[in-house]
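Trainee: My questions all concern the structure below.
What follows is calculated from the coordinates using simple rules that are stated; it is not laboratory data. A quick note: this is a predicted structure, and the numbers were derived from the prediction, not measured. Quick reminder, even Gly has a Cβ in these numbers, built from the backbone with ideal geometry, and neighbours come from all protein chains shown.
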Amino acid sequence: MDTSAMILFVQTILSATWRLATPMIYASIGEVFTERSGVLNIGLEGFMLLGAFAGFAVAYFTGSLALGILGAVLCGLIFGLLFALFTVTIKANQIVVGAAFNLIGRGLTGFLYRAWFVNKAQGVQAFPPIDIPYLNAIPFLGPVLFRHNILVYCTVPLMLIAGFVLYKTAFGLAVRSVGEHPKAADTAGVSVSLIRYAGVLIGTTLTSLGGAYLTLAHTNQFVEGITTGRGFIALAVVVFGRWSPKGAFWSSLLFGLFYALQLRLQAIANITIPYQFLQALPYVMTLLTLILLRGRAISPKALGVPYQKSA
Amino acid sequence: MNDPSRETTMTMQERSVARPGMCLLPKAVLRIAPRLLAMISPIAAIVLALFISMLLLIAAGYNPARAYTVMWQGAFGDLRAISEVLIKATPLILIGSGLAVAFRCSIWNIGAEGQFYAGAVGATIVGIFITSLPSYLMIPLVLLVGTLLGALWGMLAGYLRVRFNANEIVTTIMLNYIAIIGTGYLVTGPLMDPAGGKYPQTARIVEAAMLPRFLPPTRLHIGFIIALIVAVILYLLIFKTSIGYAIRTVGINPVTARYAGIHVERHVLLAMAISGGAAGLAGAIEVAGISFRLYQQISPGYGFEGIAVALLANNHPLGIILSGILFGALRSGAEVMQISAKVPSVLVFVIQGLVILCVVAFGLYRLHSRWEPRPEKE
């Protein structure tokens with residue numbers, strides 16, 4: 001490979017990195033709020049599938065991408081309410097409920113897809129890339145940063161707003177205190193349940209949006225199991241990003257890079273490594289990063305523990 | 001509510017407050033009622049889950065009566081159908097009762113799927129390459145190697161947890177992907193059947209490694225009996241041995257366990273080894289009893305389904321025998337439903353998820369774990 005080909009190669013990978021990271025950015029920033037409020041949602045994979053399907057189905061039947069996004073948001077809210085009902089109000093074991101939502105997400109989307117869409121598998125008109133004028137012409141950086149679709153660009157303001165909300169507002173303080181010491185928050189007059197409902201709903205809605213990105217922007221149709229573990233990886237991203245929106249954003253990009261590398265290297269014909277080794281790359285890297293992180297990942301203290309108001 | 005001291009104060013209060021109505025109920029009824037309720041609630045949960053799924057069937061334009069009839073016949077219609085249910089229940093019982101050990105230790109092993117694959121790989125390698133042993137040595141060897149590989153795959157996550165404090169939910173999920181992709185590599189690369197054309201599968205294992213079938217002409221093999229025995233052994237281990245007691249203590253409160261002199265890390269590793277070993281054994285039995293060779297996607301998600309099987313039975317291995325058969329019936333019936341009534345079989349995942357939620361909703365679900373409400377210290 002000569003230099004210009006090498007530059008092109010790196011450019012393609014970096015430009016794909018952000019696009020591939022986007023669903024994980026939405027899901028992991030959402031889950032940061034959920035976990036910071038003390039609730040662990042291991043059902044992200046299910047929620048992402050539900051959002052991917054809801055977004056696609058609504059956009060397909062109405063012909064409107066905006067309504068598709070709205071559909072995904074509503075789907076995230078409705079199923080999120082159900083999740084919160086079980087984990088916060090009923091105080092059920094959060095792992096159990098999360099596992100159930102993974103099953104329901106997989107089953108419901110697969111069932112409805114086969115019932116409604118089989119034999120008429122056309123896609124929708126996906127979100128087009130928007131070239132930012134002038135900036136997109138910058139050599140190298142232009143294609144990497146300024147030729148994406150709207151949902152990819154939105155991840156940056158999302159990260160900034162999420163950081164502001166979590167660290168600079170009363171609501172953010174409430175979320176963090178409820179996740180660290182619910183009893184103290186309760187004494188100070190914060191409604192633990194209300195904040196946890198909010199934390200769960202922010203998480204499920206953003207995860208659902210991340211799913212819709214897959215069917216409305218990244219590709220233009222729904223496929224069974226389209227998320228291929230991205231919801232689970234988002235869980236790892238939250239840990240790796242140390243429960244902060246900024247951390248989640250950059251760790252998602254790191255995992256996006258693994259994905260992009262893997263896809264790009266597979267596409268190179270003369271490479272001699274078996275493709276499965278490349279396929280396994282994101283998962284192996286997740287394990288390695290967790291090992292490197294040892295001891296430094298301190299989770300919110302009340303994570304996973306339902307709050308029982310003592311009588 | 002777990003706090004025993006609080007319960008005593010409750011009864012004290014009840015005693016002091018005069019409630020004449022309460023006295024009319026015989027003590028025996030009061031004692032039996034919760035147990036009865038605990039037994040009925042899973043059944044009620046299944047009924048409710050099937051009812052909600054019925055609404056879904058109607059909404060999607062299917063005839064639910066026909067779908068459920070076909071499903072029932074597919075599961076229990078004749079001897080062959082019943083034997084297929086038990087064949088599908090075999091890995092679920094093994095995986096579920098293994099997971100019960102991990103869950104009782106509050107180790108959230110989501111990695112049974114990968115451990116199943118590891119066991120299947122181990123069994124296949126032995127079954128292909130060792131050709132000269134008699135059946136009575138070969139079968140134990142195949143199952144043993146499968147169990148060991150599954151246990152090792154599980155212990156890897158356990159080791160990452162105790163050594164690097166790596167969240168086992170994340171690591172076991174990653175190890176699932178790695179095991180599945182690794183199997184894909186083996187069956188398309190080094191282990192690919194040289195005589196099999198381009199199919200991504202290994203050669204057949206030798207005759208001596210195949211599990212005997214005891215109910216011809218059905219495919220029911222001794223793996224089912226092994227699963228029952230393992231479930232009973234794990235029941236005894238959890239509830240009747242000091243190791244089981246230590247594992248449960250670690251699960252309820254690791255800090256207390258440490259004060260009590262229990263080596264927490266060792267028991268975490270042990271719990272992961274047992275649950276991984278059971279899943280590995282399930283993989284080995286699948287190869288030696290049904291498929292006779294390894295191929296991509298040899299598991300249709302048994303590892304994930306096993307989680308639901310364990311949770312539905314409240315992590316009690318004897319209950320897991322029943323919930324394993326139930327889920328086997330759901331899956332087996334759903335396959336027939338898909339063929340005869342054209343209803344997508346993925347519906348079964350919705351039913352399974354709903355069963356879990358319904359059990360939870362009935363509020364009788366109790367899993368003693370660090371995720372449970374801890375009694376607040378005043």
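Trainee: Over chain B, what is the relative contact order in percent, taking alpha-carbon pairs closer than 8 angstrom and at least six residues apart?
Mentor: Rounded, it is 33 percent for chain B.
Trainee: Output needed: percent of Cα pairs per 5 Å distance bin for region B:64-106, bins running from 0 to the one holding the longest distance.
Mentor: 6, 21, 16, 15, 14, 11, 10, 7, 1
Trainee: If you don't mind, there's one more thing I want to ask. Report ³J(HN,Hα) in whole Hz for each residue of region B:334-348, in order, from the Karplus equation J = 6.51 cos²θ - 1.76 cosθ + 1.60 where θ = phi - 60°; Gly and Pro get x.
Mentor: Result, rounded to whole Hz: 5, 5, 5, 4, 5, 6, 7, 9, 6, 8, x, 6, 4, 3, 4.
Trainee: For A:ILE130, list long-range residues whose amide hydrogen, built 1.01 Å from N in the peptide plane, is under 5 Å from its own amide hydrogen.
Mentor: Placed amide hydrogens put A:HIS148, A:ASN149, A:ILE150 under 5 Å from A:ILE130.
Trainee: If you don't mind, there's one more thing I want to ask. Apply the Karplus curve 6.51 cos²θ - 1.76 cosθ + 1.60, θ = phi - 60°, to the phi angles in region B:74-83 and return the couplings in whole Hz, x for Gly and Pro.
Mentor: The phi angles translate into x, 8, 10, x, 8, 4, 4, 4, 4, 5 Hz.
Trainee: If you don't mind, another one. Under 20 Å from a point placed 7 Å out from the Cα of B:ILE225 along the Cα-to-Cβ direction: which residues of region B:89-121 have their backbone N that close?
Mentor: B:89-95
Trainee: Turning to a different aspect of this structure: What does the convex hull of the alpha-carbon atoms of chain A project to on average, in nm²?
Mentor: Mean projected area for chain A: 18.1 nm², to one decimal.
Trainee: Going from the alpha-carbon gyration tensor of region B:97-155, what semi-axes, largest first and in whole Å, does one get by taking the root of 5 times each eigenvalue? Before the final figure, lay out each step's value.
Mentor: Details: eigenvalues 147, 24, 9 Å².
Sorted largest first and rounded, they come to 27, 11, 7 Å.
Trainee: Along Cα→Cβ, 7 Å out, is where each label goes; now give me the distance between the ones at B:LYS342 and B:PHE76 in nm to one decimal.
Mentor: 2.8 nm
Trainee: With contacts defined as alpha carbon pairs under 8 Å and 6 or more residues apart, what's the relative contact order of region A:1-135 in percent?
Mentor: Here the relative contact order equals 27 percent.
Trainee: Tell me which residues come under 5 Å, amide H to amide H, from B:GLN201 once H is placed; ignore anything under 5 positions away on its chain.
Mentor: Residues meeting the amide H criterion: B:ASP193.
Trainee: log₁₀ I(q)/I(0) of region B:208-320 at q = 0.11, 0.12, 0.17 Å⁻¹, via Debye over equal Cα point scatterers, no solvent, to two decimals?
Mentor: Values returned for q = 0.11, 0.12, 0.17 Å⁻¹ are -0.46, -0.54, -0.93.
Trainee: Can you work out D for region A:100-181 in µm² s⁻¹ from Stokes-Einstein, where Rh is the Kirkwood radius over C-alpha pairs, the temperature is 37 °C and the viscosity is 0.692 mPa s? Walk me through the numbers before you get to the answer.
Mentor: Values: Rh = 17.3 Å.
The Stokes-Einstein estimate is 190 µm²/s.
Trainee: OK, next. With labels modelled as points extended 7 Å from the Cα through the Cβ direction, what inter-label distance (nm, one decimal) is found for A:ILE298 paired with B:MET54?
Mentor: Label at A:ILE298, label at B:MET54, 5.4 nm between them.
Trainee: Please pull out the direction-averaged projected area of the protein assembly as shown, using the convex hull of its alpha-carbon atoms, in nm² to one decimal place.
Mentor: Projected area, direction-averaged: 34.5 nm².
Trainee: While we're here: Taking R0 as 41 Å, what FRET efficiency do you get between B:TYR199 and A:ALA188 from their Cβ-Cβ distance, rounded to the nearest 0.05?
Mentor: Values: r = 65 Å, r/R0 = 1.58.
Efficiency computed from Cβ-Cβ geometry: 0.05.
Trainee: Please go through the residue pairs A:LYS120/B:LYS198; A:LYS168/A:LYS301; A:LYS91/A:LYS301 and name each one whose alpha carbons sit more than 29 Å apart in this structure.
Mentor: A:LYS120/B:LYS198
Trainee: Based only on Cα atoms, what mean projected area does the convex hull of region B:79-361 have, in nm²?
Mentor: 16.0 nm²
Trainee: So what are the ³J(HN,Hα) numbers for region A:278-283, from phi and the Karplus equation (6.51, -1.76, 1.60; θ = phi - 60°), rounded to whole Hz, Gly and Pro as x?
Mentor: Going residue by residue, I get 6, 4, 6, 3, x, 6 Hz, with x marking Gly and Pro.
Trainee: Next up: What's the exposure ranking of B:ILE46, B:ILE320, going from fewest to most Cβ atoms within 10 Å?
Mentor: Starting with the residue having the fewest Cβ neighbours, the order is B:ILE46, B:ILE320.
Trainee: Continuing with the same structure: Report the charge-dipole magnitude of chain B in Debye, nearest 20, computed about the Cα centre from +1 at each Lys and Arg Cβ and -1 at each Asp and Glu Cβ. Working shown, then result.
Mentor: Details: 27 positive and 16 negative charges, 116 e Å.
In total the dipole reaches around 560 debye.
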